[in-house]
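Enquirer: For reference, the structure I am asking about is given below.
We did not get these values from a lab; they are worked out from the coordinates using the rules stated. Predicted, not measured: the structure shown is a model, and the values here were computed from it. Cβ coordinates were reconstructed from backbone atoms using ideal geometry, including for glycine residues, and neighbour counts include every protein chain displayed.
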Amino acid sequence: QVQLVESGGGLVQAGRPLRLSCAASGRTFSNYEMCWFRQAPGKEREFVAFISWRGGSTVYADSVKGRFTISRDNTKNTVALQMNSLKPEDTAVYYCAARQRARGGRVSEGYDYWGQGTQVTVSS
């Protein structure tokens, strides 16, 4: 079992930055690939960003590419999402998720562990 706890959400004006963090516990963090997803009201959950177990590979949704940066610190068991130039359409509940690194497949699929989510609201 892996426990994930997100933090850092809040209300921010459009154009401003915000940094989300996800703390993991329970198993060896470096055995897991990590991802951020988000879900806006009335919409399906969508993929935001992925980072490989060592941090050497990242993938972003087109909607956040160039504005968001995912990173991880395996010594602290954390993964972060730096969000810059926020837009009202970034408003959503953001979730971090983990999957075992041997799973493979599409980076947006196969996640076994999820955090409870943190609300991000971007005002115009």
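Enquirer: Mind listing which GluC sites (Glu not before Pro) in segment 15-59 are in a DSSP loop and have 15 or fewer other Cβ atoms within 10 Å?
Expert: Working: sites: Glu33, Glu44, Glu46; in loops: Glu44.
The qualifying sites are Glu44.
Enquirer: Could you tell me the relative contact order of the chain? Use alpha-carbon pairs under 8 Å, at least six residues apart, and round to a whole percent. Kindly include the intermediate steps, with their values, before the conclusion.
Expert: On the way: 299 pairs, mean separation 44.8, N = 124.
Computed over the chain, the figure is 36 percent.
Enquirer: Starting from the Cα of Ser85, step 7 Å along the direction of its Cβ; do the same at Gln13; then give the gap between the two resulting points in nm.
Expert: In this crude spin-label approximation the distance works out to 1.9 nm.
Enquirer: Follow-up. Would you mind calculating the gained length between Gln100 and Lys65 on full extension (0.36 nm times residue separation, minus the Cα-Cα distance), in nm to one decimal?
Expert: Here the segment from Gln100 to Lys65 would lengthen by 10.1 nm.
Enquirer: Follow-up question, since we're still on this one. About the Cα centre of the chain, what is the dipole size in debye to 20, counting +1 per Lys and Arg Cβ and -1 per Asp and Glu Cβ, all else neutral? Provide the component values of the computation, followed by the final result.
Expert: Working: 16 positive and 10 negative charges, 53 e Å.
Computed charge dipole of the chain: roughly 260 debye.
Enquirer: Taking the chain as a whole, which cysteines find no other cysteine Cβ under 4.7 angstrom from their Cβ?
Expert: Cys35 - these cysteines have no disulfide-compatible partner (Cβ-Cβ under 4.7 Å) in the chain.
Enquirer: Beyond 16 Å, what percent of the Cα pairs of segment 1-52 remain?
Expert: Working: 758 of 1326 pairs.
Result for the distance tail: 57 percent.
Enquirer: Using a Förster distance of 25 Å, how high is the FRET efficiency between Ser52 and Gln116, based on the Cβ-Cβ distance and rounded to 0.05? Each step should come with its number before you reach the end.
Expert: Numbers: r = 24 Å, r/R0 = 0.96.
Computed FRET efficiency for Ser52 and Gln116: 0.55.
Enquirer: Using the Karplus equation 6.51 cos²θ - 1.76 cosθ + 1.60 (θ = phi - 60°), what ³J(HN,Hα) coupling, rounded to whole Hz, does each residue of segment 104-110 give in order, writing x for Gly and Pro?
Expert: For segment 104-110, the Karplus-derived couplings read x, x, 4, 5, 9, 10, x Hz, x marking Gly and Pro.
Enquirer: Between segment 87-122 and segment 5-41, how many Å separate their Cα centres?
Expert: Centre-to-centre (Cα) distance: 8 Å.
Enquirer: Same structure, new question: What size of dipole, in debye to the nearest 20, comes out for segment 43-83 about its Cα centre when the only charges are +1 on Lys and Arg C-beta atoms and -1 on Asp and Glu C-beta atoms? Walk me through the intermediate numbers first.
Expert: Values: 7 positive and 4 negative charges, 20 e Å.
That gives a dipole near 100 debye.
Enquirer: Another question about this same structure. Once Lys and Arg get +1 and Asp and Glu get -1 on their Cβ, which of Gly55, Gly26, Ala40 lies farthest toward the positive end of the dipole of segment 1-82?
Expert: Gly55
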